Amino acid sequence: LRPLAVQVLHTAETLLQIFVYRHHPGSYKPLLYCWKVCIDILDTLYNLVNPNDGQPMAYYFLHPVSVYCGGQFPPDYREKVQTPMDFGTITANLVEGTYQTVEAFSNDCRLVIQNCQTYYADRDDGKLFVEHALSLNDVLTTQLSQLARYDKSKGPAERQKLLEQLNPN
C-alpha cells in the first residue's frame with residue numbers, strides 16, 4: 001500500500017501546486033521539496049527486520065511510547081525525555097507539510113533514537129529497545145547523510161526557487 005499512498009500523495013501535491021498554491025498563496029503549506037526522499041528513508045527503516053526473530057525493528061518506534069504502555073507514558077518517562085517523538089508522528093508531519101527543512105526532518109528522526117537511549121540505556125527492561133534503536137541508527141545515519149548531501153547539492157538558490165514555485169508570495 002505504501003507505493004500507492006506515495007503516488008496518491010504525489011498526485012495530490014502536484015494538483016495543489018497547480019490549483020491552490022498559485023491562486024491562494026499561503027493558504028496551504030507545501031510539502032518539503034524532497035518529501036519523496038524522506039518517505040524512502042522512513043520506508044527503509046520500516047522494512048528492516050531483526051535477523052534473530054524476523055520482527056520489524058521499527059515496531060516499537062512507530063507510535064508514541066504511551067501507546068505501548070496502556071495509553072500513559074511510564075511514570076518517569078517525561079522526566080528523562082523532554083520531547084517525545086516517534087516515526088509515525090514524523091510521517092504525519094512530513095505528509096502534513098509541517099517540515100519545511102531537511103534539518104527539521106533529520107532532527108526528529110535522530111530524536112527517536114536519542115529518546116530511546118536516554119530512557120532505556122540504564123534499565124534492565126530496555127536492552128531490546130536499545131539494540132533495535134542502535135540497529136536503526138546505523139541505517140538512519142547513512143540515510144540522513146545522503147539526504148544532507150542531496151539537500152546541499154540543490155544549493156540555496158535552487159531550493160528557494162523550488163519553494164517560490166510552490167508558494168509564490
N93 meets each of (1) at pLDDT below 95; (2) open to solvent by less than 70 Å² (accessible area, probe 1.4 Å); (3) outside any loop (DSSP other than H, G, I, E, B) with one exception, condition (1)
TODO: Assess whether L62 counts as being closer than 17 Å to L134 by Cα, touching a residue at least 60 places away in the same chain (Cβ under 8 Å) and touching a helix residue (DSSP H, G or I) at 6+ places or on another chain (Cβ under 8 Å).
DONE: no
Checked Q100, Q82, Q72 against criteria (open to solvent by 70 Å² or more (accessible area, probe 1.4 Å) and touching a residue at least 60 places away in the same chain (Cβ under 8 Å)); the one match is Q100
How many residues of segment 96-108 are modelled with pLDDT of 95 or more and either under 13 Å from H63 (Cα atoms) or of a type in the set (D, E, K, R) (or both)? The answer is 2
Check: Scanning for something of a type in the set (A, V, I, L, M) and modelled with pLDDT of 95 or more, does segment 115-124 turn up at least one residue?
Finding: no
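The values are calculated or read from the model by the stated rules, or taken from the named source; none is laboratory data. What you see is a predicted model; the values in this text were computed from it and never measured. In this analysis, Cβ positions are derived from the backbone assuming ideal geometry, glycine residues included, and neighbour counts consider all displayed protein chains. The protein model used for the area step is the full one, side chains on, heavy atoms only, and it has no ligands, DNA or RNA in it. Shrake-Rupley method; radii C 1.70, N 1.55, O 1.52, S 1.80 Å.
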